[in-house]
Structure formats: C-alpha cells, structure tokens
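Structure first, then comments.
Each value in this text was obtained by applying a stated rule to the coordinates, not by laboratory testing. Computed from a prediction, not measured in an experiment: that's the story for all the values here. Don't worry about glycine lacking a Cβ; one is built from the backbone with ideal geometry, like all the others, and counts go over all protein chains shown.
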Amino acid sequence: MTPSARALLFALAAALAVAGCMTRPPAPVDERAPSVYVPPPPPPVPARAPEPPPPQLYTVKRGETLAQIALDHGVDYRELAAWNNIENPNVIRVGQVLALSLPGQAGPGAGAGGVVTAPLVSTPSIAPTNDTRALMTAPGHGNTPTLKSEPRAMKLPYSEQALAQLGSGSSPAGASPAPTRAAAPGPTPAAAPAAGTATPPAAAAASPTVATATPSPPRTESARVPEIDDAKVDWAWPTSGKVIAGFSESANLKGIDIGGKAGQPVLASAAGRVVYAGAGLRGYGKMVIIKHNNTYLSAYAHNREIMVKEGQQVSKGQKIGEMGDTDADQVKLHFEIRRLGKPIDPAKFLPPA
C-alpha cells in the first residue's frame, strides 16, 4: 500500500471516530434539589380560659357597720358577711378589707341571668322510595337544582304489608298516600305512579295530598332565667304626707323626709325582698331595707315599729312598719332609693303626688 493510500485510510478512520463521539448520548445529570429536613409544625397551644375578674374590695373605716357598708354598696349584709367569713355581722374592725362580691363576680350590681339549654332530640330520617323519588323530581316540587330539602318521605296508612314493604325500600302496590297537612301553603302536586303499578280509581278521582315532611333544622330550646328590667320597677309612695326635706347631694341628704303621725302605716314602695330590718345603722333608727332587683334598693327609716322580717318577700303597698321618730327629732319617714348602692332622688321615680 502506498503512503498516500495509508494516509487516506488513516484520515477516514479518524473521521469515523469523531462522528461516533458526536452521536454518543450525554451523560445523565441529576438535577434534584438536595434533601432538606423540614420539622413538623408545633401543636396548637390551647386557648386559656379567661380569668375571673377580681372581687371589688373595701376597707372598713372608723364608725362603720357591716349593715351600713352593705347599704352603701347595694348588697345584702348577710351575703357580705358570708363572702368574708364573718360569723358575727355586728363585729368588724377598722382596716379590715372586705370583698364586696363572690370570687369570679364583677361586683355589686352584676346581672344574674343565665341560659339553660335543653338537649337536642334528633328525628330519624326515612329513605325515599321509588314513589317519593318521582315526586321529588316533579315540576313545582320543593326539590330543585338550587334548593335541596331531602330527605322527604310519603306517609302511608299503617298495615302489616306497608310495614314490610317499607322495610324492603319499596312502596306497597295499590296503596295511596294518606292525606296530611302540607309542609307549606299552596296546592300540592299529586304523586306520579310508579312504573308497572296500577293507579287506584279512588286515588285518581280524589287526588289525595301527599305528605312532604321537610325536616326542619335542629332547634335549641333554651329556658332563660327571668331578669327584672330596672326601668320597669313599679314605684309607689311609701306613705302619705308632706315632703318636709328633699334630696340633695350637696347637703348630704340621701333621700326625702315625709312628715306624718306616729303609727301611720309605712308601705313597701315596690315588690322585693327584705334584706335588713333592725336598728343597727346610726342615724336611721328602726329601719327596713328592701332589695327589688340586682340594681335597686329602697330604705325606710325612723320607724316606731317594724312589721317584717329579714328574708321576707313583700309586695308593692304591703305594710312593713309604722311611722315614728326613732333616732330623729320628729315623727317622719326617711325614704331612700339607691341604685347600685348610690343614693338617687326618689322624686324622679315616684308618681306625681
């Protein structure tokens, strides 16, 4: 072989080798992202129940009595003694700190209304039969593509055959639905007969109404504890006579004084419960305090006699005492109305004299 032929052959072999390298597929490249550990989210922290409000506190001052403190804050002095573990309500000391409400209560005047919820009673649903499926797709029926009121069922007269048929999911042949009151006013469409079932002549003539028992949403029946509306306390004058001293915040006159005769009847200005009957409040003599609701008290001072006892329920106009001059310079009735323990002008609540 000549040198030129060998050179040509060598060049051809080199060209074939280069061509083979060009057609070889590229090496695979792993483009996956590196694995990163992601920790699971921490469990949710349960919400803490709100802490009950602290009770309102009061520090006893010199010359005060438990009954006076209770009156000034609109509470029953016996409850005040119980809240503070005081065995003898007549013995308190200067500087003693009193809680004016039970722990967890906001303080005097808090409402006591509550809601008692009765348990729900669920009604078992009845699977629709062939007849009721045809009824539910009839024109004008309550079941529409935009309003679904399933489950619906038809009511059948009781019989052993009907009971057996309902248990198997089909309706008894020749049985017509019993007429019942429709779920909504207006004409009720007649049921379309099932395929292969003869329509009884009586049913065709009478066109009985088909029961469309639409299940109503669950109801929660709640019995609310009645609450007395403060604005509806029916006030009346506690006695007859001339007002000889009016209410004045600037002069520290906490009520009105009504003149009269010794032994004149003193009446409850409104219905309520007697929370105090005695002579333990300096400057008031023989006194009666009536609690009408969680907001209002009324006080009747300087009585000659007290006709009611603590804890007794009284009605409006009931005799609770007799007018006198105990701890007073003349025969009179000192009458107060207090809202949450604060004295307010009784003339704004009493009817025209």
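Working out 0.36 nm times the residue gap between MET307 and LYS348, then minus their Cα-Cα distance, what length gain in nm do you get to one decimal?
Between MET307 and LYS348, full extension yields an extra 12.0 nm.
Which order, highest average first, do 248-254, 233-239 follow once you tally other Cβ atoms within 10 Å for each residue and take the mean per peptide?
233-239, 248-254
Could you work out how far apart the two model spin labels at TYR37 and LEU12 are, taking each label as a point 7 Å from the Cα in the direction of the beta carbon, and quote it in nm?
Distance between the two pseudo-spin positions: 6.4 nm.
Quote to one decimal, in nm, the extra length available between SER315 and ALA262 on full extension: 0.36 nm per residue of separation minus the C-alpha distance between them.
The SER315-ALA262 span can extend by a further 16.8 nm.
What is the spin-label model distance, in nm, from ARG48 to THR2 if the labels are put 7 Å beyond Cα along the C-beta direction?
In this crude label model, ARG48 to THR2 measures out at 10.5 nm.
Could you give the C-alpha radius of gyration of region 235-348 expressed as a fraction of 2.2 N^0.38 Å, taking N as the number of residues it contains?
The value comes to 0.94.
What full-extension length gain, to one decimal in nm, is calculated for ALA251 and ASP329 as 0.36 nm per residue of separation minus the Cα-Cα distance?
The ALA251-ASP329 span can extend by a further 26.3 nm.
Given axes a ≥ b ≥ c from the Cα gyration tensor, I'd like to know whether region 57-103 is rounded (a/c under 1.5), prolate (a/b larger than b/c) or oblate.
Taking the square roots of the gyration eigenvalues as a ≥ b ≥ c, region 57-103 is rounded.
Of the peptides 287-293, 91-97, how do they stack up when ordered by the mean number of other Cβ atoms within 10 Å, highest first?
Highest mean packing first, the order is 287-293, 91-97.
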